[in-house]
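As structure tokens, the structure follows; a few thoughts come after it.
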């Protein structure tokens, strides 16, 4: 039985206790007008060439990396059709994660190997919880690696960063899985419905203390972040007050979690039934207190009030712009891109897809100054590289091997400071908001050498998950997928188009050719060597010659500064 003024959540002996906490993340600085970049483009349709440069730019911004198969698919159609493919709402969600961790040393008594654990009974065994945690992370890694020709996986990461929570802080994989499903379900839907769903999501209720927000002791954590980080922001038109935070916290009292099925419930005895007065920024809105179950209706009034401000639409459009286009927003961009996008958002009752469609079809999105202008995030770097080289992960039927690989990849992502599911705090990853560095934070004296070491390792060793299986870069298998790998100039051009968003000089191309020719001067040397290997694939000498030349070329290419850009 739920009792008044008690948050009915029994998990008190976990690694992380679900206690009332004060969240004090580093706050996002107020919106600042950037130095103009002299872009003259806006939301008018792009009329430039639909070529490999445009295709790769679109893919790298809307998916993780630009795979060869997806490049070929989009080159065979036009821009409008390409963007409709990426924004199609006819998508099938991935099957749930499964138990891939049972082994002689660990047994989940409630879930057999190969079966999903998402609805398993509660367990307080930290080893099983951790095993499920890695299972969930590996499931997410695979979804990104094997994503279809669609924006959903990149968009899921955007919304996860926007409505940031920390899975390791909650340490309940069943709740985190449901949270990710909530984000996925609404990622391309209606923002109003999404904010409501996130507000009542069990993971968010725990993370920002909503489950402990009661009339006798209102907790302001979620009410504050709902305005500062999720809906209004700190832009030039943001003038909500501290009293607005306090009033919103009172509106949100009474929501908590049913410990038996982890569902969200409204518990009327914990709700503040008094009237809630808001400031002139919100047009002096008064949300009348409601008793009993009707108190739940106050949430919708609160969300309607937030979304009725002009600043809400502008704020979300700025967030989308910084994630998908460029980190700085100057006055021209605010006028020519952000304001009209915000109008589209409002005109479509806060549906998300119309905003994305207008942005990705625009001349501004394809402006040369926006191409190759963003440093790859660690997820873009690691997952994108796996997709660009078509590196196979362990087959999903090899359960234990998949779990071990997921743990290794999770460790890498943690080392690179971007493990999906665990941003540093509720503000998300600083590279998406911290001025003036923004995405430059991804490259440091520590992280850049790590990137190069990782690439070398995956090129020459790889991750062995059993006696015969390995996850690694196979430069020969990659080259064989190119249209004309026997032509050294065509090979270099195709590689540069796919891997480098920023054009390189002829001098750099000559260096790549010199590596492939190994000191020879005639292009024909490479053609003969490649064709001989194709005719004699079991010849060890021919294999070593081709591998060493290709691996050397890619090692040089992947160490270029240009490769760090998207």
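Please state, rounded to one decimal and in Å, the Kirkwood hydrodynamic radius that region 476-564 gives when every pair of distinct Cα atoms enters the mean of 1/r. Before the final figure, lay out the partial values.
On the way: mean 1/r = 0.0755 Å⁻¹.
Computed over Cα pairs of region 476-564, the Kirkwood hydrodynamic radius comes out at 13.3 Å.
Just to check, using Stokes-Einstein with a Kirkwood Rh over alpha carbon pairs, what's the diffusion coefficient of the chain at 10 °C and 1.306 mPa s in µm²/s?
Values: Rh = 25.5 Å.
The diffusion coefficient I find is 62 µm²/s.
Report, in degrees rounded to the nearest 10, the 0 to 90 angle that the Cα long axis of helix 378-388 makes with the longest principal axis of the chain.
40 degrees
Ranked highest first by average number of other Cβ atoms within 10 Å, how do 418-424, 37-43 line up? It would help to have the intermediate numbers written out before the result.
Details: 418-424: 20.0, 37-43: 15.3.
The packing order, highest mean first, is 418-424, 37-43.
Tell me the label-point distance for the pair residue 279, residue 116, using the 7 Å Cα-to-Cβ offset, in nm and rounded to one decimal.
4.4 nm
How big is D for region 121-216, in µm² s⁻¹ as a whole number, if Stokes-Einstein is applied with the Kirkwood radius of its Cα pairs at 10 °C and 1.306 mPa s?
Working: Rh = 14.4 Å.
Estimated diffusion coefficient is 110 µm²/s.
Between the helical axis of 524-535 and the dominant principal axis of the chain, each derived from Cα atoms, what acute angle in degrees is found, rounded to the nearest 10?
For 524-535 against the chain, the angle is about 80 degrees.
Once the Cα gyration tensor of region 317-431 is found, what semi-axes does its equivalent ellipsoid get, as square roots of 5 times the eigenvalues, in whole Å, sorted largest first?
Numbers: eigenvalues 234, 48, 48 Å².
In descending order the semi-axes read 34, 16, 16 Å.
Among DSSP beta bridges lying fully in the chain, give the percent that are antiparallel, nearest 5.
On the way: 14 of 15 bridges.
If I count the DSSP bridges inside the chain, around 95 percent turn out antiparallel.
Rounded to the nearest 500 deg cm²/dmol, what is the calculated helix-only ellipticity per residue at 222 nm for the chain, with -39500 (n - 2.57) per DSSP H run of length n ≥ 4?
Details: 23 runs with 253 residues, N = 566.
Computed ellipticity for the chain at 222 nm equals -13500 deg cm²/dmol.
Sequence gap at least 6, Cα distance under 8 Å: using those rules, report the relative contact order of region 258-310 to the nearest whole percent. Walk me through the numbers on the way to the answer.
Values: 48 pairs, mean separation 15.2, N = 53.
Averaging sequence separation for qualifying contacts and normalising by length gives 29 percent for region 258-310.
Beta carbons within 10 angstrom, averaged per residue: use that to sort the peptides 535-541, 334-340, highest first.
334-340, 535-541
Take residue 490, project a point 7 Å from its Cα along the Cβ direction, then tell me which residues of region 521-564 have their backbone nitrogen under 16 Å from it.
523-532, 534
Could you tell me how many degrees, from 0 to 90 and to the nearest 10, lie between the Cα long axis of helix 399-415 and the main elongation axis, the longest principal axis, of the Cα atoms of the chain?
Result, in degrees: 80.
If neighbour count is taken as other Cβ atoms inside 10 Å, put 148, 548 in order from fewest to most.
548, 148
Can you report the principal axis dimensions of region 308-377 using only the alpha carbons, biggest first, rounded to whole angstrom?
35, 23, 21
How big is region 122-162 in terms of Cα radius of gyration and Dmax, in angstroms?
13.4, 40
Given contacts defined as C-alpha pairs under 8 Å and at least six residues apart, what's the relative contact order of the chain, whole-number percent? Each step should come with its number before you reach the end.
Details: 842 pairs, mean separation 110.8, N = 566.
Answer for the chain is 20 percent.
I need 566, 216 ordered by Cβ neighbour count within 10 Å, fewest first.
Numbers: 566 25, 216 9.
With the fewest neighbours first, 566, 216 line up as 216, 566.
Over the alpha carbons of region 348-507, what is the largest minus smallest coordinate on each principal axis, giving the biggest first in Å?
53, 44, 37
Bear in mind that the values in this text are calculations on the coordinates, not laboratory data. Everything numeric in this text was worked out from a predicted model, so none of it was measured. Neighbour counts run over all protein chains shown; Cβ positions are idealised from the backbone, glycine included.
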